[in-house]
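Enquirer: Next up is a structure, given as structure tokens.
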Amino acid sequence: MTPFAGYDMPITYPTGAVEEHLACRRSVGLFDIDHMGQLEVSGPGADEFVSRMASAKILDMKDWDARYSLLLNEKGTVIDDLFIYRRPGAWWIVINASNRETDLAWFGAHKGAGVSVVDRSDDTYMIAVQGPNAIALLDAVSDRKISGFPRFTSGDAKVAGVPCFVGRTGYTGEDGAELFFPAGKAVKLWDALIAEGIRLGFATIPVGLAARDSLRFEAGMPLHGHEISPEINAIEAGFKWACDFDKEFTGKAALQAVLSEGPKRKLVTIEVQGGVPREGYQVLSPDGVPIGKAVAGMFCPTVRKYACNAFVDPAFARSGTDVQVVIHGKPKSGIVAKRPLYLPTYRR
Amino acid sequence: MSTIDKNAKYRPSHEWARREGNLVVIGISDHAQHALGDIVFVELPETGKVFKQGDTLGVVESVKAASDIYMPLSGKIAAVNGDLAGSPDLVNKDCYGSGWFVKIEAAKLPEWDGLLTPEAYEVESGKEE
């Protein structure tokens, strides 16, 4: 167990991180992610407020739609990343545990009259069910067909008798869902999902923080504090697609300036030979000139590669470019890879 | 509870050494592989390289972290376990067998006597559990 944003979290279960990762790609991974925060935003001014705070296009979302967005400051750098669900009459916004106080303060400072922002994190539990068998498992224990919810939508359903808000979303690159429900029902729901997995003959494996990280890393998804942070702008991190320049949002002007000048560095994924690249390791040009630093790196179990994400000089950002990563004092050869290493199922 | 190879001797930093003919085989203990978690890469020296007792022999990379491994005895590398390049998880699965690291020609056999006996290592590593 390790302390994480005020929660005790397992880095791995006894299964081990590599097998947890592979089991999620092969069958079903269960993620105990109660640490994630949830905010509920409502009131007559809520739609305009959420649209102004979030970088992504928001106002075209229909009830039950779900969408990824960044929360930017005026510099266009990343306060947090969000999953935004439009429930009838309220916005349900999932935030990172470590940013809860910051996000609440930011929303509080910018909301006008007619907007209510309520922190629902403490009374809400969150479990993610991810993997190729995840939806069949949920269908078997729910009073509605979760398979009937299209990807990036949501709905209310009773799962194993527990009233849940179910998002057809996730952080693994696999199909699956994220369940939000009253905190007191967590053990009951967790045990019911494991039991139903056994009954259906699906390997249903609890997944710890280490495999959660490698799953998201392979699928090209960012982790706040690594690929995105208040020191990193949305363009250099590769999130132009999550910014709607046809609307007004906080940070828009700064990002337009970055776009017109060109970013000074870019996020790349580098495949490395002969070692495990990790956060903080130096990235060099083939001539040995420093060109950037790794922000995350690991062994990727599905693609069986050693890789890191790094911000580098844009001259070295094209896939196929030769670079080096310094591992334990020795430069190791690397090549800029096509991102993501593992194509998420919803993009196939 | 970790297993101990009764035919090996140990360094307090969790390497084992076992005499096989004229050579000494070296690896890491069950306690060590368990504490490290899933091992994803092992960096080992080339054959012919000479080390003193206590030198850094290589690096074990687990999912969690990189850890140096140390020479339990002075000597010259006679063989390196090439299977670990493709299957570093052999260290998790069979740390006293197919998960061995190197075989050395030991230079100073008196050093052998200074290593921990299986019984002493069991007590030492047990304190960490």
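Enquirer: Exactly one condition in (1) open to solvent by less than 10 Å² (accessible area, probe 1.4 Å); (2) within 30 Å of residue A:143 (Cα to Cα); (3) among the aliphatic types (A, V, I, L, M); (4) out of contact with any Lys or Arg (no Cβ under 8 Å at 6 or more places or on another chain) is false for residue A:237; which is it?
Expert: So residue A:237 meets the others, but not (2).
Enquirer: Okay, moving on. Is it the case that segment A:42-62 has a residue that's at pLDDT below 95, part of a strand (DSSP E or B) and farther than 28 Å from residue A:232 by Cβ? Walk me through how you get there before you give the answer.
Expert: First pass over segment A:42-62, keeping only residues at pLDDT below 95: none.
No - not one qualifying residue is present in segment A:42-62.
Enquirer: Moving to a separate point now. Going through segment A:187-213 one residue at a time, which ones are open to solvent by less than 10 Å² (accessible area, probe 1.4 Å), among the small types (Gly, Ala, Ser) and either modelled with pLDDT under 95 or part of a helix (DSSP H, G or I) (or both)?
Expert: The answer is A:197, A:211.
Enquirer: For segment A:64-114, what are the residues that are within 16 Å of residue A:242 (Cβ to Cβ) and small (Gly, Ala, Ser)?
Expert: A:66, A:69, A:76 - these are the residues of segment A:64-114 that are within 16 Å of residue A:242 (Cβ to Cβ) and small (Gly, Ala, Ser).
Enquirer: Does residue A:108 qualify as being open to solvent by less than 50 Å² (accessible area, probe 1.4 Å), touching a Lys or Arg at 6+ places or on another chain (Cβ under 8 Å) and farther than 30 Å from residue B:93 by Cα?
Expert: No; evaluated as a whole, the condition is false for this residue.
Enquirer: Another one. Does any residue in segment A:1-19 that is of a type in the set (Asp, Glu) come within less than 7 Å, Cβ to Cβ, of a residue that is open to solvent by 50 Å² or more (accessible area, probe 1.4 Å) six or more places away or on a different chain, and which pairs are these?
Expert: A:8/A:1
Enquirer: Of the conditions (1) in contact (Cβ under 8 Å) with a residue 60 or more places away in the chain; (2) surrounded by 18 or more Cβ atoms within 10 Å (Cβ to Cβ), residue A:95 satisfies every one except a single condition; which number is it?
Expert: (1) is the only condition that residue A:95 fails.
Enquirer: Any residue at all in segment B:90-106 that is part of a strand (DSSP E or B) and open to solvent by less than 20 Å² (accessible area, probe 1.4 Å)?
Expert: For segment B:90-106, residues part of a strand (DSSP E or B) and open to solvent by less than 20 Å² (accessible area, probe 1.4 Å): present.
Enquirer: Taking the condition within 15 Å of the chain's Cα centre (by Cα) and either open to solvent by less than 30 Å² (accessible area, probe 1.4 Å) or under 29 Å from residue A:10 (Cβ atoms) (or both), does residue B:20 pass?
Expert: No: the conditions fail for residue B:20.
Enquirer: Something else: Test of understanding: among A:90, A:105, which residue is in the same structural domain as residue A:19 (by TED's automatic domain parsing) and touching a Ser or Thr at 6+ places or on another chain (Cβ under 6 Å)?
Expert: A:90
Enquirer: While we're here: State the number of residues belonging to segment A:105-132 that are within 19 Å of the chain's Cα centre (by Cα) and on the phi < 0 side of the Ramachandran plot.
Expert: Total satisfying the criteria: 9.
Enquirer: OK, next. Condition first: open to solvent by less than 10 Å² (accessible area, probe 1.4 Å), in contact (Cβ under 8 Å) with a residue 40 or more places away in the chain and within 18 Å of the chain's Cα centre (by Cα). Now tell me which residues in segment A:72-86 satisfy that.
Expert: Residues satisfying the conditions are A:72, A:78, A:80, A:85.
Enquirer: So, one more: Looking at segment A:1-24 only, could you name the residues that are open to solvent by less than 30 Å² (accessible area, probe 1.4 Å) and either away from chain B (no Cβ under 14 Å) or closer than 22 Å to residue A:180 by Cα (or both)?
Expert: Answer for segment A:1-24, where residues must be open to solvent by less than 30 Å² (accessible area, probe 1.4 Å) and either away from chain B (no Cβ under 14 Å) or closer than 22 Å to residue A:180 by Cα (or both): A:9, A:10, A:24.
Enquirer: Here's another thing I want to ask about it. Can you pull out the residues in segment A:247-296 that are within 14 Å of another protein chain (Cβ to nearest Cβ) and in contact (Cβ under 8 Å) with a residue 24 or more places away in the chain?
Expert: A:271, A:272, A:273, A:274, A:275, A:276, A:277, A:278, A:279, A:281, A:294, A:296
Enquirer: Of all residues in segment B:26-73, which are away from chain A (no Cβ under 14 Å), part of a strand (DSSP E or B) and β-branched (Val, Ile, Thr)?
Expert: Selection gives B:26, B:28, B:50.
Enquirer: Still on this model: Can you tell me which residues in segment A:314-331 are surrounded by fewer than 19 Cβ atoms within 10 Å (Cβ to Cβ) and either among the aliphatic types (A, V, I, L, M) or more than 25 Å from the chain's Cα centre (by Cα) (or both)?
Expert: Of everything in segment A:314-331, those that are surrounded by fewer than 19 Cβ atoms within 10 Å (Cβ to Cβ) and either among the aliphatic types (A, V, I, L, M) or more than 25 Å from the chain's Cα centre (by Cα) (or both) turn out to be A:315, A:320, A:321, A:322, A:326, A:328, A:329, A:330, A:331.
Enquirer: Can you work out which of the residues in segment A:25-38 that are buried (at least 21 other Cβ atoms within 10 Å of the Cβ) and part of a strand (DSSP E or B) is farthest from the other protein chains (Cβ to nearest Cβ)?
Expert: Filtering segment A:25-38 for residues that are buried (at least 21 other Cβ atoms within 10 Å of the Cβ) and part of a strand (DSSP E or B), the one farthest from the other protein chains (Cβ to nearest Cβ) comes out as A:38.
Enquirer: State whether the residues of segment B:97-111 include one that is within 16 Å of residue B:18 (Cβ to Cβ), touching a residue at least 60 places away in the same chain (Cβ under 8 Å) and among the hydroxyl-bearing types (Ser, Thr, Tyr). Even if it seems obvious, please write down each step before you answer.
Expert: At the first step, the residues of segment B:97-111 found to be within 16 Å of residue B:18 (Cβ to Cβ) are B:97-106, B:109, B:111.
Remaining after also requiring touching a residue at least 60 places away in the same chain (Cβ under 8 Å): B:99-106.
When the remaining residues are screened for being among the hydroxyl-bearing types (Ser, Thr, Tyr), the result is none.
No: zero hits.
Enquirer: In segment B:1-13, which residue that is part of a loop (DSSP other than H, G, I, E, B) and within 15 Å of residue B:73 (Cβ to Cβ) is most open to solvent (accessible area, probe 1.4 Å)?
Expert: Here the answer is B:12.
Enquirer: Then there's this: Do we find a residue being within 20 Å of residue B:104 (Cβ to Cβ), out of contact with any strand residue (DSSP E or B) (no Cβ under 7 Å at 6 or more places or on another chain) and open to solvent by less than 40 Å² (accessible area, probe 1.4 Å) anywhere in segment B:24-33?
Expert: There is at least one residue in segment B:24-33 that is within 20 Å of residue B:104 (Cβ to Cβ), out of contact with any strand residue (DSSP E or B) (no Cβ under 7 Å at 6 or more places or on another chain) and open to solvent by less than 40 Å² (accessible area, probe 1.4 Å).
The values are calculated or read from the model by the stated rules, or taken from the named source; none is laboratory data. Because the structure is predicted, anything quoted here is derived from the model rather than measured. Positions of Cβ are backbone-derived with ideal geometry, glycine not excepted, and every protein chain shown enters the neighbour counts. The accessibility values were calculated without ligands, DNA or RNA, using every heavy atom of the protein model including side chains. Shrake-Rupley method; radii C 1.70, N 1.55, O 1.52, S 1.80 Å.
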